[in-house]
Amino acid sequence: MAAIYLHKKRKKRLEEGHPWVYRSEIERVEGEPSPGGLVAVHRHDGAYLATGYYNEASQLTVRIVSYEPLEAMAREWFAAKLLRCKELRERFVPDARSYRLVYGEADFLPGLIVDKFEETLVVQVLTLGMEMAREALVAALVEVMQPAGIYERSDVSVRELEGLEKRKGVLYGDCPQHVTIRENGLLLEVDIVDGQKTGYFFDQRENRAAIAPLMLGWGARSGIRTVEQLLDDGTVKKVPVNKSGQEVTFPYWDGATVLECFSHTGSFTLHACGYGAKKVTCLDISEHAVESARRNVMLNGFGDRVEFVVADAFAYLREQVRGQEERETRGQADRRKMDTSVKMAGKGRTWDVVILDPPAFAKTRSAVEGACRGYKDINLHGMKLVNEGGYLVTASCSYHMKPDLFLETIHAAAQDAGKTLRLIEFRGAGKDHPRILGVDEGHYLKFAIFEVTTRR
């Protein structure tokens, strides 16, 4: 087997558990490593460190797959790795039949993503090394998971950095385009062929469940209270009544009003309804995404509580804030001269809970400054639309947007908006997205719940 030797004065990242070797860290290469083939990695003094697959065309020249000598990434080797992945998910997400089975480097299988949607697997092969081992990988997936079908979604631009073409299609068995899964007791239809990435984002499973406490406890703001009513059989029943003492028959009288921006498949909308929301506005710029959300809402019987909006989230939030400000100005008509006959430019709606789950704004380090402006903009306008004492739920999946910077950006938005934010919860990705300490690239998702009040 060919071998590489690392520079003496390099940073000891590999010894600290990081699975990547950059071209600049390599002092010399012995033998003739084949593209995508395995190489032994040694310190400058010859001590063996690990084995990884090699791609001279990539700045990430070696990706580690074993810390013991390994001759080949054969079916048996893949099967052992996949079995460990399966056992971890069954331990930590035991009630889920759909989850992320393989999370690349965090599962010691760099360049590989596998999502399980019921009996169908969706695979992303991102690197040359994994591409060369495709046949053994598919055979091992069939052996360990016994799926009905395996579909490939390697139609991502990162493959081009490895000298690979994009590709997608059936690898094994029967793969329907739409697969219905269950998450936190809710049904979702996933488009594995044309949906974003593999079709669905499992990383927010636990975060979506975390909004449950925000959905109830709002009826009192409308003057609704519960009273005890004596029934004919002698039992006592609690009944909601309005300010006039009349019984309220709407079953979701205590629920929140919710706005979800960047809805994709409508997953937060579904959870909001499932946890008792009164009314949800589900918004995305993509008609395809909104149609997917609509099908999922109907699938769960929530159609009477959800309105769908196809719009740019930035523009929509600004429009509502503008309308809100106009309404406040018109409220001062008795104190200042103005023409109230002119139609208002914006509607000025507000909600009890505003949810912002945008796509990554910073895909490179150089894009961070622009991303900060984007995150500040949506959060500033989003928190202005939260009813007093309501909640802002906000997330970032940009790895280059570090957690401290994310919170600093939201804090700056709060200062400009005249709001005080109280952090209730701060979370990362779910349990089927483990993270190896020292590999910061895996720590990409930030999710926060804030209580929003106005500074007096």
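The values are calculated or read from the model by the stated rules, or taken from the named source; none is laboratory data. The structure displayed is predicted, hence computed values, not measured ones. Cβ placement follows ideal geometry from the backbone for every residue including glycine, while neighbour counts extend to all protein chains displayed. Keep in mind that these areas ignore ligands, DNA and RNA; they rest on the heavy atoms of the full protein, side chains included. Shrake-Rupley method; radii C 1.70, N 1.55, O 1.52, S 1.80 Å.
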Query raised in the report: Mind checking which helices in the chain clear 20 Å along their axis (Cα) and have mean Kyte-Doolittle hydropathy of -0.5 or more, DSSP H runs only?
Result: 403-417
**Report entry** Distance histogram for the range 184-234 (every C-alpha pair counted, 5 angstrom bins, percent rounded to whole numbers)
**Finding:** 4, 12, 13, 13, 11, 11, 10, 9, 7, 5, 3, 2
Query raised in the report: Based only on Cα atoms, what Rg/Rh ratio does the range 370-456 have, Rh being taken as Kirkwood's radius?
Result: 1.01
Query raised in the report: Cross-link partners among aspartates and glutamates for residue 238, C-alpha distance below 18 Å, same-chain residues fewer than 8 apart left out?
Result: 228, 247, 254
Requested in this report: Evaluate the charge dipole of the range 1-137 about its Cα centre and quote only its size in Debye, nearest 20, assuming +1 on the Cβ of each Lys and Arg and -1 on the Cβ of each Asp and Glu.
Outcome: 460
**Report entry** Förster-model FRET efficiency, 41 Å R0, residue 367 and residue 23, C-beta, rounded to 0.05
**Finding:** 0.95
Report summary line: Note to self: C-alpha centroids of the range 147-173 and the range 366-420 sit apart, in Å, by 35
Query raised in the report: To the nearest 20 debye, what is the magnitude of the charge dipole of the chain about its Cα centre, counting +1 on the Cβ of each Lys and Arg and -1 on the Cβ of each Asp and Glu?
Result: 1680
Query raised in the report: How do 57-68, 213-224 rank on mean C-beta neighbours within 10 Å, highest first?
Result: 57-68, 213-224
Query raised in the report: Of all accessible surface on the chain at a 1.4 Å probe, what whole percent is carbon and sulfur?
Result: 50
**Report entry** the range 408-456 - Rg over Rh from alpha carbon coordinates, Kirkwood radius
**Finding:** 1.14
Report summary line: Along principal axes, largest first, the alpha-carbon spread of the range 339-419 in whole Å comes out as 49, 26, 21
Report summary line: For the chain, averaging the sequence separation of alpha carbon pairs under 8 Å that lie six or more residues apart and dividing by its residue count, the contact order in percent is 10
Requested in this report: For the range 64-132, just run the numbers: alpha carbon Rg, then divide by 2.2 N^0.38 Å, N being how many residues it has.
Outcome: 1.13
Query raised in the report: How much mean residue ellipticity at 222 nm does the chain get from its helices, if each DSSP H run of length 4 or more adds -39500 (n - 2.57) and you divide by all residues, to the nearest 500 deg cm²/dmol?
Result: -7500 deg cm²/dmol
Report summary line: Rounded to the nearest 10 Å², the 1.4 Å probe accessible area of residue 399 is 50
Query raised in the report: On full extension of the chain, what length is gained from residue 455 through residue 167, given 0.36 nm per residue of separation minus the C-alpha to C-alpha distance?
Result: 98.4 nm
Requested in this report: For the range 57-204, calculate the relative contact order in percent as a whole number, restricting contacts to Cα pairs under 8 Å that are 6 or more residues apart.
Outcome: 20
Requested in this report: Quick one: check the C-alpha center-to-center distance for the range 94-117 versus the range 200-220, whole angstrom.
Outcome: 23
Query raised in the report: Which order do peptides 269-276, 310-317 fall in by mean Cβ count within 10 Å, highest first?
Result: 269-276, 310-317
Report task. Might you tell me the accessible area per residue for the chain, computed with a 1.4 Å probe and given in Å²? Result -> 47
Query raised in the report: Antiparallel DSSP bridges in the range 1-125: what percent, to the nearest 5?
Result: 90
Query raised in the report: Over the chain, what is the percentage of antiparallel beta bridges among all DSSP beta bridges, to the nearest 5?
Result: 70
Report summary line: Given backbone amide H placed at 1.01 Å from N, residues whose amide H is under 5 Å from that of residue 171, ignoring those fewer than 5 places away on the same chain, are 150, 151, 152
Query raised in the report: Regarding the range 87-166, what are the three Cα extents along the principal axes, ordered largest first, in Å?
Result: 39, 24, 19
Query raised in the report: Residues with amide H under 5 Å of residue 27's amide H, sequence separation 5 or more or different chain, H placed in the peptide plane at 1.01 Å from N; which?
Result: 5, 6, 7
Query raised in the report: Stokes-Einstein D for the range 5-140 at 37 °C, 0.692 mPa s, Kirkwood Rh over Cα pairs, in µm²/s?
Result: 208
Query raised in the report: Which of the listed residues, 303, 281, 378, is farthest toward the dipole's positive end in the chain, when Lys, Arg count +1 and Asp, Glu count -1 at the beta-carbon?
Result: 378
**Report entry** Whole-number Å³ per residue for the convex hull built on Cα positions in the chain
**Finding:** 183
